[in-house]
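S.K.: Quick one: this structure, given as structure tokens, is what I'll be asking you about.
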Amino acid sequence: MSADDRLEIMEMVARYAYAWDEKNAQAYAACFTEEAELEVYTRGREAPAISERGRDAIESWARRSHSGEIEGMRPPDPLERTRHAPGGVVFDALEGDTAQTRAMLFETRVAGGRSTAVPQISGVYTDEWRRTPDGWRLSRRVLHMDRQ
């Protein structure tokens, strides 16, 4: 895998974070392949707290999450801002048109007109990537959150 491939994947990691923080479900879903899988696990649970299959389902889930329609998700606050800061991207496998990476997640939130960001979520993304005609896309993303 070339340095250009690595850079493109790392840029997609950032695009994913920006799309989520901008509450842009369409741009968020565009980071995934058509048949992608998304799973989120909380510490101590065997089953995923979130499990979506396919780009359309992932986009629908993101839209519902951003609007507060999903139980346990906060309703939208026009003054609230989240900032996902994925980092520490490592490439565990690099073969032709597929790759596997891990990245750490640290999310902060500024809410209610406050000026100070508060840590909200930390965890590790384990990702599988596939080269598509549109470039590298997530074919599977699993987030293991540090919180219960």
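The values are calculated or read from the model by the stated rules, or taken from the named source; none is laboratory data. These numbers were taken from a predicted model, which means no experiment stands behind them. Positions of Cβ are generated from backbone atoms using ideal geometry, with glycine treated the same way; all protein chains shown enter the neighbour counts. Heads up: the accessible areas ignore ligands, DNA and RNA and are worked out on the full protein's heavy atoms, side chains in. Shrake-Rupley method; radii C 1.70, N 1.55, O 1.52, S 1.80 Å.
S.K.: What number of residues in segment 115-129 are in a strand (DSSP E or B) and either among the hydroxyl-bearing types (S, T, Y) or touching a Leu at 6+ places or on another chain (Cβ under 8 Å) (or both)?
M.R.: Going through segment 115-129 one residue at a time, the tally reaches 9.
S.K.: T116: open to solvent by less than 80 Å² (accessible area, probe 1.4 Å) and either in contact with a Lys or Arg (Cβ under 7 Å, 6 or more places away or on another chain) or over 18 Å from A25 (Cβ atoms) (or both), yes or no?
M.R.: Answer is no for this residue.
S.K.: Residues in segment 119-139 that are touching a strand residue (DSSP E or B) at 6+ places or on another chain (Cβ under 7 Å), open to solvent by 60 Å² or more (accessible area, probe 1.4 Å) and at pLDDT 95 or above: how many?
M.R.: 3
S.K.: Return yes or no: is G54 of a type outside the set (V, I, T) and at pLDDT below 90?
M.R.: No: the conditions fail for G54.
S.K.: Please return the ranges of strands (runs of 3 or more DSSP E) entirely within segment 1-98 where 1 or more residues are free of Cβ contacts under 8 Å to residues at least 60 places away in the same chain, open to solvent by 40 Å² or more (accessible area, probe 1.4 Å) and touching a Cys at 6+ places or on another chain (Cβ under 8 Å).
M.R.: Per the criteria, no element qualifies.
S.K.: Another question, then. Please go through segment 55-70 and pick out each residue that is of a type outside the set (A, V, I, L, M) and in contact with an Asp or Glu (Cβ under 6 Å, 6 or more places away or on another chain).
M.R.: Residues satisfying the conditions are R55, W61.
S.K.: Is it true that some residue in segment 30-49 is in contact with a helix residue (DSSP H, G or I) (Cβ under 8 Å, 6 or more places away or on another chain) and small (G, A, S)?
M.R.: Within segment 30-49 (the criterion being in contact with a helix residue (DSSP H, G or I) (Cβ under 8 Å, 6 or more places away or on another chain) and small (G, A, S)), the answer is yes, since at least one residue qualifies.
S.K.: Looking only at segment 102-113, which residues are touching a residue at least 24 places away in the same chain (Cβ under 8 Å) and either of a type in the set (A, V, I, L, M) or open to solvent by 50 Å² or more (accessible area, probe 1.4 Å) (or both)?
M.R.: R102, A103, L105, V110, A111, G112, G113
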